[in-house]
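Student: Handing you a structure now.
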Amino acid sequence: MMKVRTLFNSASMIPAVGLLVLASMLSNARHAAAQDPCPLPPGATAPPEPAVTAQQVEDGSASLADFGRATRDAFKKHSQAETVTSFEQIAYFGCFVRRAGGPWRSGSTYVVMLTPDRRVLLHSKEMALSGGLLNPVIYGAILASLGVSSSDLADMASPDPAIAARAFGTVMGILSQEPDGAFDATIPIPGLSPGIPGASGHASVYVSGSLRQPIILLAGFDLQRSHLAREEIDYGAPTVTARDVVDRETLKAFVNEAGRYCLGLQGRDDISRAKIALRDPNGPWRHGSVYLYVLDLVSNIILIHGAFPDRFELRPLTPTVKDVVTGEFVLPQVLEAARSNPEGGFVEYYFDDPNDDSDSADIPKVGYARRFSTELDIGGRVIPLDFIIGSGFYGRASDDLVTTGPRTELEAAVLGDTVEGLEVAFSRAIAGRQSDYAWSAVTDAAGLLSLTISSPYGVSGYYRARATNADGEVVGSWSSIPLNEGHRQVLELTLGGGARVVRVVSLPASSPEAAGKPAFAAEPVPEASGLSPNSPNPFNSATTITYHLASSGPVQLMIYNVLGQPVRTLVDETRGAGTYQARWDARDEVGALLSTGVYIARLSYPGGVQSQRLLYIK
C-alpha cells in the first residue's frame, strides 16, 4: 500500500504543536585518518578551506561560532563560483564535506546541512540520518536563534494556509540575510516540552548559488535519530519487493521496480524521500541481505546505499572486492553488466562481505545491475543523472549456482511429535561468525529430508542446524554435527536437541545407480589407521588428504610448516571407523594464503600418530 508523506513548505505547514511550544518558550524566556580522496569531476573545483576548521574547535583554539561562520563563508564562496551542470558535482561536494579528518569533520565537531523545509540535506557524520525531517520543536529553536519572532513561528503553524504562507515568506526573507546564532532546545517547558536532550549548537545561514535557496548550517549539534520527526513515507508500491527476491527472475524484477521508482523522482527533495524509503528495514525495498544501491555512473560515487549508508553513501565505489574463486575484481564486472545491455546484466561471484556478520565466502552471490538516465530539477536548474541501480541475493546450494565442487550429501530423520513440513537449515559452525544457514530442505510426512551441502572451499567441519515451522518459529536446534566432505551421511535429529550420526559412507565417483550398487552399501572398516598419499602432490591450489581409521575415537589432522609451527587445523573431533578425506587450500587459520614450500600433515588417531610431507607450489 502506497503512503504519501506530508511535507512542510509554503503550502503545507509544520505540525502546530512544535511551533506553538517554541512560541510559548520565547514568550516566557528568550575518524582519525581521511577517507580515500573524492573524485573531482571535470570542470569542478574543490570547496575552499574554511578559515576555522573542525579540528581547531576540537583542540580548543577556536569557538564553535567561529567555525560555523567560517563554514558559511567557504560554502557560500564555493556555491557562487561553481556552476552546477552535472549531478556528479553535487555528489563530489557531499563526498568532500563528509570526509573524516577533513576541515568540516573532526571528532565530535561536524556539519549538518538543513533546508528551509527542515529537511536534513547532509549529515556529514551519520549519513543514515540524511533526508530525515527535523523535529519541529528543534527547528523552531533554530529559527528563533536566527531572528524569527515567536508570532511568526506561531503563524507558520496556523491551519489557515494564507497565514502560514505569509509567515513562511517572512522566514525565508530573514534566512536570506544569512544570520547566525546559538540555539538551545534542551530547556524544559512545563506542560509543553520536557526539553530535548542534546538539541543545542550553533546555526548559520548562507544562500546557495547552486541550490538557489538558503541553507542552514548546524555545528556542535550531535543530531541523532531521536531528533527527527516521524513522517509517512511514499514507498512507491512496488509489485516485487526485497522479501520476494529468491532467484534471478525476481531479482531483475526488483531492480527494475526500483528503477521506475527512481525515475519518478523530480528533484532534490524527492531524492531525500527516496533515501528514507530505500533504507527502511521495514519497507518494501530492504529485507535481510537484499537491499539496493544507487551509483552515479560518471563519478562512481554511491548516491544511496540501502543497508550501510554511513560506510558508503557519498563515497566513491572503488574496485577493492575480489571474487575469491577467480581473483577478479567484482566492481568492473558489475559496471560492465549494467553498461553492456539495455536490460542490465547478472554477475555471479564469491566473497565474504565484511559488513555482514552472517555472510561467508562459501555462499555464492548473484548481483544484477541496470543503467538508468533521467533529469532532475536542482534549485531550478535541470541537470542530467546517469546512474546504476543494483541489488543481489545470497545463493544456496540448492540453487543452480553451485552444482559441482566439494560436497557432502545428507539424509536426516527428524524425530518428534510434529515433523512434517519443517524447514531444516544447516550452517557451518565457525568461531566468531554468525550462522548463515545456507543449506536447507523440507521434511516429508515421516520427517525425512535430503540435501547436498556444496562449497568451493571444502565442507568438512562442524555444523549447526535448526528447524522452523510454517510460521517461521524455531522448533528445534542442533549443534556440533560433524560432516565430512565427499561422504553421504545419515542423521537422526530429535526436536529436543539430540543429534546422532547413524551412517557415513564415501560418495562414489559416479551416481549409485550408474555404479549398480545401493546408495548405502556398507564400506569395509580399514585394517589400519593412517594417512594415504595426498593428491595432487605437489599442488598449486588445493590438495586432498585421505586418512583411515580402524576404530572410532578422537582424531586430529594438523598442518605444520617446516619449523614445526601449526598453521591450520583441518580436523579436530571424534569420528567413527572408516575412510575420510580433508581438503587443504594452502591457507592458514585466518584465510591468508601461505608461501610456496614444504608443509607437514600430521594425523593423530587412537593409538598412533603419522605425518607426511606436502609440497605447495604457487
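Student: Please state which one of Ala16, Ala11, Ala34 is at pLDDT below 70 and touching a Gly at 6+ places or on another chain (Cβ under 6 Å).
Tutor: Ala34
Student: Go through (1) within 24 Å of Ala128 (Cα to Cα); (2) open to solvent by 10 Å² or more (accessible area, probe 1.4 Å) and name the single condition Lys252 misses.
Tutor: (1)
Student: Restricting attention to segment 230-242, does a residue exist that is in a helix (DSSP H, G or I) and over 30 Å from Pro197 (Cα atoms)? Walk me through it before giving the result.
Tutor: Taking segment 230-242 as the starting set, the residues that turn out to be in a helix (DSSP H, G or I) are 242.
Filter once more, keeping what is over 30 Å from Pro197 (Cα atoms): 242.
Looking for residues that are in a helix (DSSP H, G or I) and over 30 Å from Pro197 (Cα atoms), one finds at least one in segment 230-242, hence yes.
Student: Does Glu178 meet the test of being among the acidic types (Asp, Glu), under 15 Å from Leu134 (Cβ atoms), open to solvent by 30 Å² or more (accessible area, probe 1.4 Å) and part of a loop (DSSP other than H, G, I, E, B)?
Tutor: no
Student: A further question follows. If a residue must be at pLDDT below 80 and open to solvent by 50 Å² or more (accessible area, probe 1.4 Å), how many such residues does segment 289-310 contain?
Tutor: Within segment 289-310, residues that are at pLDDT below 80 and open to solvent by 50 Å² or more (accessible area, probe 1.4 Å) number 1.
Student: Across segment 238-247, what is the number of residues that are over 20 Å from the mean Cα position of the chain (by Cα) and surrounded by fewer than 18 Cβ atoms within 10 Å (Cβ to Cβ)?
Tutor: Total meeting the criteria: 1.
Student: Just one of the numbered conditions (1) assigned to a loop (DSSP other than H, G, I, E, B); (2) hydroxyl-bearing (Ser, Thr, Tyr); (3) in contact with a Leu (Cβ under 9 Å, 6 or more places away or on another chain) is not true of Thr186; which one?
Tutor: Every condition holds for Thr186 apart from (3).
Student: Out of all the residues in segment 357-386, which are at pLDDT below 80, open to solvent by 30 Å² or more (accessible area, probe 1.4 Å) and of a type in the set (Asp, Glu)?
Tutor: Asp357, Asp377
Student: For residues that are over 37 Å from the mean Cα position of the chain (by Cα) and part of a loop (DSSP other than H, G, I, E, B), scanning just segment 590-616, find the one that is surrounded by the most Cβ atoms within 10 Å (Cβ to Cβ).
Tutor: Only one residue fits best here, namely Pro606.
Student: Hey, another quick one. Would you be able to say whether some residue in segment 87-100 is open to solvent by 10 Å² or more (accessible area, probe 1.4 Å) and over 20 Å from Ala46 (Cβ atoms)?
Tutor: no
Student: Might you check whether a residue that is part of a loop (DSSP other than H, G, I, E, B), closer than 23 Å to Met113 by Cα and of a type in the set (A, V, I, L, M, F, W, C) occurs anywhere in segment 244-255?
Tutor: no
Student: Of all residues in segment 440-457, which are at pLDDT 80 or above, closer than 23 Å to Arg583 by Cα and open to solvent by 10 Å² or more (accessible area, probe 1.4 Å)?
Tutor: Leu451, Thr452
Student: Can I ask one more? Which of the residues belonging to segment 140-155 are part of a helix (DSSP H, G or I), closer than 16 Å to Leu218 by Cα and open to solvent by 20 Å² or more (accessible area, probe 1.4 Å)?
Tutor: Ser145, the sole residue that qualifies.
Student: Ok, one more. Which ones in segment 321-343 are closer than 17 Å to Ala253 by Cα and either at pLDDT below 80 or among the charged types (D, E, K, R) (or both)?
Tutor: Within segment 321-343, just Glu343 meets the criteria.
Student: Could you please tell me which pairs satisfy a Cβ distance under 8 Å, a separation of 6+ or placement on different chains, a first residue in segment 238-261 that is over 17 Å from Phe372 (Cβ atoms), and a second residue that is β-branched (Val, Ile, Thr)?
Tutor: Taking only residues 6 or more apart or on different chains, the pairs are Ala242/Val290; Arg243/Val290; Asp244/Thr250; Val245/Val290; Arg248/Val366; Thr250/Val240.
Student: Let me ask something else. For segment 565-613, which positions are among the charged types (D, E, K, R) and within 19 Å of Thr546 (Cβ to Cβ)?
Tutor: Quick first cut of segment 565-613, residues among the charged types (D, E, K, R) only: 568, 572-573, 575, 583, 585, 587-589, 602, 613.
Arg568, Asp572, Glu573, Arg575, Arg583, Asp585, Arg602, Arg613, listed by residue number.
Student: Of the numbered conditions (1) at pLDDT 85 or above; (2) more than 30 Å from Leu211 (Cα to Cα); (3) open to solvent by less than 60 Å² (accessible area, probe 1.4 Å), Phe346 satisfies every one except a single condition; which is it?
Tutor: Here Phe346 clears every test but (3).
Student: Residues in segment 156-167: is at least one surrounded by 19 or more Cβ atoms within 10 Å (Cβ to Cβ) and either at positive phi or not aliphatic (A, V, I, L, M) (or both)?
Tutor: There is no residue in segment 156-167 that is surrounded by 19 or more Cβ atoms within 10 Å (Cβ to Cβ) and either at positive phi or not aliphatic (A, V, I, L, M) (or both).
Student: Still on this structure, I have one more. Report, by residue number, each residue of segment 119-139 that is within 19 Å of Asp180 (Cβ to Cβ) and either in contact with a Lys or Arg (Cβ under 8 Å, 6 or more places away or on another chain) or surrounded by 24 or more Cβ atoms within 10 Å (Cβ to Cβ) (or both). Give the derivation first.
Tutor: Within segment 119-139, the first condition is being within 19 Å of Asp180 (Cβ to Cβ), and the residues that meet it are 120-122, 124, 134, 138-139.
The answer is Leu121, Leu122, Ser124, Leu134, Ile138, Tyr139.
Student: Follow-up question, since we're still on this one. Mind checking whether some residue in segment 218-237 is open to solvent by 30 Å² or more (accessible area, probe 1.4 Å) and over 28 Å from Gly94 (Cβ atoms)?
Tutor: Yes, that holds for at least one residue.
Student: Got a sec? Which of Ser204, Ser210, Ser193 is of a type in the set (Ser, Thr, Tyr), buried (at least 17 other Cβ atoms within 10 Å of the Cβ) and touching a Leu at 6+ places or on another chain (Cβ under 6 Å)? Can you show your working first?
Tutor: On the way: Ser210 fails: touching a Leu at 6+ places or on another chain (Cβ under 6 Å); Ser193 fails: touching a Leu at 6+ places or on another chain (Cβ under 6 Å).
The unique qualifying residue is Ser204.
Student: For the structure I just gave you, tell me whether Gly267 is open to solvent by less than 40 Å² (accessible area, probe 1.4 Å), modelled with pLDDT under 90 and in contact with a helix residue (DSSP H, G or I) (Cβ under 8 Å, 6 or more places away or on another chain).
Tutor: no
Student: Please determine, by comparing only the residues of segment 424-435 that are open to solvent by less than 50 Å² (accessible area, probe 1.4 Å) and part of a loop (DSSP other than H, G, I, E, B), which one is modelled with the highest pLDDT.
Tutor: Once the filter is applied, the top-ranked residue is Ala429.
Student: Return the pair list, or none, for Cβ contacts closer than 8 Å from residues in segment 436-448 that are within 14 Å of Asp417 (Cα to Cα) and part of a strand (DSSP E or B) to residues that are of a type outside the set (Lys, Arg) and open to solvent by less than 30 Å² (accessible area, probe 1.4 Å), at least 6 apart or on different chains.
Tutor: Leu448/Ala412; Leu448/Ala413; Leu448/Val414
Student: Can you pull out the helices (runs of 4 or more DSSP H) entirely within segment 41-133 that have at least 2 residues that are closer than 28 Å to Glu375 by Cα and modelled with pLDDT under 90?
Tutor: 64-81, 87-97
Student: List the residue pairs whose Cβ atoms are under 6 Å apart, where the first residue sits in segment 69-82 and is open to solvent by 20 Å² or more (accessible area, probe 1.4 Å), the second is among the aliphatic types (A, V, I, L, M), and the two are 6 or more positions apart or on different chains.
Tutor: Cβ pairs passing all conditions: Arg72/Leu217.
Student: Here is a list: Val137, Val171. Which entry is under 28 Å from Asp377 (Cα atoms), of a type in the set (Val, Ile, Thr) and either in a helix (DSSP H, G or I) or touching a strand residue (DSSP E or B) at 6+ places or on another chain (Cβ under 8 Å) (or both)?
Tutor: Going through Val137, Val171 in turn, just one is under 28 Å from Asp377 (Cα atoms), of a type in the set (Val, Ile, Thr) and either in a helix (DSSP H, G or I) or touching a strand residue (DSSP E or B) at 6+ places or on another chain (Cβ under 8 Å) (or both): Val171.
Student: So Thr569 clears everything in (1) surrounded by fewer than 17 Cβ atoms within 10 Å (Cβ to Cβ); (2) more than 23 Å from Ser480 (Cβ to Cβ) except one condition, right? Which one?
Tutor: (2)
Student: With respect to Arg587, determine if the residue is at pLDDT 80 or above, touching a Gly at 6+ places or on another chain (Cβ under 9 Å) and open to solvent by 60 Å² or more (accessible area, probe 1.4 Å).
Tutor: It is false that Arg587 is at pLDDT 80 or above, touching a Gly at 6+ places or on another chain (Cβ under 9 Å) and open to solvent by 60 Å² or more (accessible area, probe 1.4 Å).
Student: Something else now. Name the residue that is modelled with the highest pLDDT, counting only residues in segment 517-576 that are at positive phi and out of contact with any Pro (no Cβ under 8 Å at 6 or more places or on another chain).
Tutor: Checked segment 517-576; the qualifying residue modelled with the highest pLDDT is Gly530.
The values are calculated or read from the model by the stated rules, or taken from the named source; none is laboratory data. From a predicted model like this one, the values you see are computed outputs, not experimental measurements. Glycine also receives a Cβ, built like all others from the backbone with ideal geometry; neighbour counts cover every protein chain displayed. Only protein heavy atoms, including side chains, enter the accessible area calculation; ligands, DNA and RNA are left aside. Shrake-Rupley method; radii C 1.70, N 1.55, O 1.52, S 1.80 Å.
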